[in-house]
Amino acid sequence: MEVETQSTVRLRKKLSKDRERDRHEDNGANATEQQQSITTKDDVPEREEVVWGKTPGGEVFRVPTTHDVLTLFDPRYPKSHIDLLNLGLLGFQIVLYFVLPRFAAKVFFLIYFAFWRGAYDVGLGWVLTKQSKKKWIVKEMKRLGWLDKDRRPAVRDWIRKQLAGKMGKDYSFDELPLEYNTWLLFRQAVDIILLNDFVAYCMFAFTCFRVPEGLSTAAHIMRWIGGIALIAFNLWVKTEAHHVVKDYGWYWGDVFFQRGALVFDGVFELAPHPMYSVGYAGYYGLSLISGSYPVLFASIAGHAAQFGFLVWFENPHIERTYGQRKLLAARTPVFPAATPKASAQDLTQADLTHQRISPSLYSNMAADLSTPSVTEGESATETDGPPTEFEDESETENESASQVVTMTHRKLRQTSSSSFASHIGAFDEPRKNRSPESQHDLFNRYFRKDAILLHNIDLLRAVDFQLVLFISYVLVSVFLPSLSPKASLALYCAHALAWCLFHSFGLGLLLRAQGERKFLVRHFLKHYHYPRGDNGKGALYEAFSNWKSIYNMSMCMTYASFIGLAWKTYSIPNDWTVGNELLRHTLGAMLIVVHIWTMLEQYEVLGMFGWFFGDFFMEQFSAQLEYTGIYRYLNNPEIMSGAAFFGLALISGSKLVFTLAVIRHLSQLWFLSKVEHPHMRKLYGDSLRSDAGFVKVIKKVARKNARILETRAGRHAPEIKRVAREMKGTFDKVYVETAEAVEEFLAKSRPKISEVVQDTKVLLQQSRERLVISRVASDLSQFDKSRYHVTVMPSSLEGSQRFHLGEPIKVKWQAPSNHSRRDWIGIYRVGANVSSQVTKISSLGMWVPVHDEEWDGDFPLNLDQSQRTDDHSEEGEAVFQAGKLPWRTGRYEIRYHHDGKYNVMSLAGPIEIFVDKPSTMDFPSVRSSLARIVTLCLDSDPSLVPLSCKPASEGNETETLGRDPDDFRFWSERQAKRISVAIQQAFGVELTPEVVIADANLSGLANRILISRDLFSD
């Protein structure tokens, strides 16, 4: 077996005291048997230690001496039928190498090598994975009865002869357990695959051998020396690896039984995964010698396939066998907690002494925790249970967040921005009257979903947005081909248009969402962790800070892109006095000056607070309107601030630039009417003036001129006034009728839109649950469906068919004794399946087998189905819990299915899954509901749930010392996702699993929920 190096560190851990004691007890119990064993110097080396193995069932046996694969070529050893088959296949390849033409030989050996490489990496990987998870090979041997002297005596005798001939005198076929003999038979098949894979590759390389042209003699010599050195190094690595792991490790013996003395050193300290990395150096050495690119590419493909074997079988198997799960959110103190006798003065002095912490402290701690432990020389037993939802799941602690929020929103134009600093609280407030600061809290304080390359990118963070923008500009500039002048101009125009639309519509929609439902603050509350006692100030600060950076960058890029377009369309006049050249430049410059003056006047009145729309974020500032400066004359001077775009259009003399200026002006009008004005009306209501000074003057002049016109019109004045009133009435009527029509359309469309949205949600849910092919059994006539029954047991908490979210659901089933042992039971939403006879949608993992031993994960095993009579009924129980439960509230039904297929034999339900919602939104009620939710989401695991949720009798002094009673922990992020989903359904507050993991405290989450609801209630 090629054993991965990562297991080296794990397997070299020192024996824990308990496991060391168990090993000594096992050795002592078998001391008498060792003394009675008759060995000779020829059979066992003088100083060879006796090795003991243990089967998954707990049977301890003495592991006999085995011989390596090279004995196949030693004439002194007898040859079994399997050995002869192996030698025949190897000889067949050698004969074909000399018989076939070179081109045909190349094609044949390439395909032949691909076949044996696939048999190794895909075939053995698949079989070993099933054996590692469910002991599939051993179960198949039992099902086929090949080693059963009563069922298949001839096959058993043949296998015994094949195995006994290759073993030493200490081997006894009848006395050794089934698992060991199965492993010996399995390694015979492995020898066939490994040797034929090796020889097929060599034959392919020999058929492709050539002498490269154009190289000097020295280059050829170096090529041969390098190739031979790589091949020799390859052989040394393999030999040393076999010397370390012996046959037990070489042939994956630990998937069949456990054996002691697993110590990895030597070549396994040379490089990571030496058997899969440097152990394939011979591939590239033979490629050098053969001088063939096809051999090189075949070597790379074969090596990559071997790494696939490592990733998909070897590493997961090592984790299953020797790994140790690591708790998430375990609060390990940075420094040991002081004893109760320590004085406050001592604690203060200790804190002052340890002010600085090494940056690598947390990473080193995490590396130690994530390293599985295993004992040296240990014969470990196996827990052969059903796979859990945590199997094969990376349990890395994620950077997560915990925050509490204050209420913010308002954009008061007339208030100085300097007062904003008073709104920001202490972002890193120290925890008082709590247990010593932990590694977990320290980590989540300084690492908050930081971007690593493009991982954790959040476009609402200004730094991340600018990073993506910078990368995009670099890639476009590098890979953009040369363009014609027209294409280049179109590109500049599209660039300027994109920034214009983004600034007005993109940021406008974002700002409106913030004003209506606190979108930005909600986003940072949901995704990022903030210290306890922060009261939401951190989320508000980050939301507003990032908004300011993005808004300012967008404004700068809008101006820069527009100036760039104008410059590309501009040409310096040859004669400034000809035509209107000088006039255009003069008017354009004047408009630019007006634009600059308007912006300066706006900033002078608004300050930083109004410039960045602070009242969309904060409401602590007084809602007092003062119309001063430029706002004394205009309600919306922003319209004049667009004059520079028309000025640039005049100077460039380009219709394209003028068109873009018009689009920018219209988009600015949309921003004012759809974003700013509704928010101002919401904040200030009737205090907003309708007409600014400029408009009042114009109206006054218009009324005066109207009176003068009326006096001069004489007898025609009434007719003119009538026509004017009719025209005004017509316009007003059209406006009112249009508004009424739009309102009526929206009123009629709202139910239809809601219905479409609801239907879309249902379709999305059904598409998620949809099953393309429903496998249906064809032997239903042999089974009486009336004798199948499934019943849901009442809730242990509610005493009815109502189950709290996360509460285990126990069902009783009854079936005739001849029912298929591959029957299974699933839970589905009511209405998801139209038919009651056949299930058409996927269970999404929410199913349990009737007989667990008949299943390998989601696939039924083809075990022997002995014929049974249906005179009697069989009954049992199944429990939906943890990952088998639905984690959405609603009404569900239970379906009993036949023979691993989708025929429904019995139905039960409906049942209701609900979540406990507090009657009043106060701290005690929210904390009480949250305690129930957290306990159920953590599967009521005593090692995970908060101490405050345990009965007093279950706690112990050692466990409670230095630990907050409200702290809880996780085995995997999936449990945090459950809590996140449950909180959203119970309280209407969205928190990501990372935030839940970072907080991991009942009181902290309860406070966060209350502050979030208070913040968003407006």
Original post:
Which distance in Å, rounded to a whole number, links the C-alpha centroids of the stretch 986-1003 and the stretch 556-598?
Top reply: 55
Original post:
For the residue pair Ala189 and Ala219, what label-to-label distance in nm results when each label sits 7 Å from Cα along the Cα-to-beta-carbon direction?
Top reply: 4.8
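For the stretch 923-1016, calculate the relative contact order in percent as a whole number, restricting contacts to Cα pairs under 8 Å that are 6 or more residues apart.
31
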**OP:** Determine the shape class of the stretch 417-690: with a ≥ b ≥ c the square roots of the Cα gyration tensor eigenvalues, call it rounded for a/c under 1.5, and otherwise prolate if a/b is greater than b/c, oblate otherwise.
**Re:** oblate
Original post:
At what distance in angstrom do the alpha carbon centres of the stretch 877-896 and the stretch 430-507 lie from each other?
Top reply: 42
Original post:
What full-extension length gain, to one decimal in nm, is calculated for Met921 and Leu469 as 0.36 nm per residue of separation minus the Cα-Cα distance?
Top reply: 158.4 nm
Subject >> Local net charge near Trp813, Cβ-Cβ under 14 Å (Lys/Arg +1, Asp/Glu -1) >> reply: +2
Subject >> Neighbourhood net charge (13 Å Cβ-Cβ; Lys/Arg +1, Asp/Glu -1) for Leu72 >> reply: 0
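Taking the Cβ of Val211 as the center, what net charge do the other residues with Cβ under 15 Å away carry, scoring Lys and Arg +1 and Asp and Glu -1?
On the way: positive: Arg102, Arg210, Arg223; negative: Glu213.
Around Val211, the surrounding residues sum to +2.
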Subject >> Estimated FRET transfer efficiency (Arg152, Leu84; beta-carbon r; R0 25 Å; 0.05) >> reply: 0.70
**OP:** Rounded to the nearest Å, what's the spacing between the alpha carbon centres of the stretch 77-116 and the stretch 235-302? Just the number, please.
**Re:** 22
Original post:
Long-range amide H contacts for His804: which residues qualify at under 5 Å (H placed 1.01 Å from N, peptide plane, sequence gap of 5 or more or a different chain)?
Top reply: Phe914
Subject >> Residues with amide H under 5 Å from that of Ser906, placed H, sequence gap 5 or more >> reply: Tyr896
Subject >> Amide proton proximity set for Asn535, modelled H, under 5 Å, gap of 5+ >> reply: Val404
Original post:
Length gain on complete extension for the stretch Val311 to Phe519, per 0.36 nm per residue less the alpha carbon to alpha carbon distance?
Top reply: 70.7 nm
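Taken together, the values in this text are just the output of simple stated rules run on the coordinates, not laboratory data. In this text, all values refer to a predicted model and were calculated from it rather than measured experimentally. Backbone-built Cβ (ideal geometry, glycine too); neighbour counts: all protein chains shown.
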